[in-house]
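The block underneath contains the structure these notes are about, expressed in C-alpha cells.
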Amino acid sequence: MKPGRRVTDVSLVGPRGHGWRRHRGRGPAPETELGITAHRAVMGKSKRPRAILGNPRVAMKGRTLGLAAHAFFELIDVAPDGTRVTVDDQTMPRSLEGGEFKSSFDLHGVSWLLKPGHKLELEITTGSTQYSIPRTGPYPVTFDNARVKLPLTPWPAHRHRGAP
C-alpha cells in the first residue's frame, strides 16, 4: 500500500441549521452528499493484509468563510464489491476557525486489518450523526491539502495460519 496520498482542492458546504444530512445511520456519507457536504479520496490499496494499529495522523490546510466551521474525518475500508465500512466506527470532529487554517492532529486510535484487494479512503464531511454539534451553516470550507499518515505494522500472516 502506498502511504501519503492526499486530498487536494476540495470545497464543501456546511449543513444548514435544519441539516442537509438525511442519512440517519452511522458509517460513510451517502453518495448523494459527495461533492456537496462530503468528499472521499483513496489513500491506498492493499495487495496483502495490512494491519493499521494506532492513531492515524491527518495534516491539513485550507480556509473557511465565516466565523467557524466543523469538519469530520473518518477512514473507510472499501471491499472489492464496493461495500464501505468506517474503520472501527470512528469519526473525528474538528472545529475550524474562520479564515485560513493549517493543523495536524491524530484521529482516534484504531486496530484494523485491511484485507488484500481492499482500499482505504479518507472521508471528510461537514456534518455527522455521531456528534451533537450545532449546525451553523451553510458555510463554505476549502481543503487545499489533507494527508493521512497511517500507523501501518507488519502483518506476519505466516504466524497466524491454522495447524495442518
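This table checks each residue for (1) within 17 Å of the chain's Cα centre (by Cα); (2) β-branched (Val, Ile, Thr).
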| site | (1), (2) |
| --- | --- |
| Thr37 | yes, yes |
| Arg50 | no, no |
| Pro56 | yes, no |
| Ala68 | no, no |
| Ala71 | yes, no |
| Val85 | yes, yes |
| Arg94 | yes, no |
| Gly98 | no, no |
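Of everything in region 61-95 that is of a type outside the set (A, V, I, L, M, F, W, C) and part of a helix (DSSP H, G or I), the residue that is modelled with the lowest pLDDT is Asp89. Going through Leu75, Leu65 one at a time, which residue ends up being touching a Pro at 6+ places or on another chain (Cβ under 7 Å) and surrounded by fewer than 16 Cβ atoms within 10 Å (Cβ to Cβ)? Testing whether each residue is touching a Pro at 6+ places or on another chain (Cβ under 7 Å) and surrounded by fewer than 16 Cβ atoms within 10 Å (Cβ to Cβ) leaves just Leu65. Exactly one residue out of Ser104, Ser132, Ser128, Ser46 is polar (S, T, N, Q) and modelled with pLDDT of 95 or more, and it is Ser104.
Kindly evaluate Gly27 against the criterion of being on the phi > 0 side of the Ramachandran plot and at pLDDT below 95.
Yes.
The values are calculated or read from the model by the stated rules, or taken from the named source; none is laboratory data. It should be emphasised that the depicted structure is a prediction, and the values quoted were computed from it without experimental measurement. Note that each Cβ is placed from the backbone with ideal geometry, even for glycine, and that neighbours are counted across all protein chains shown.
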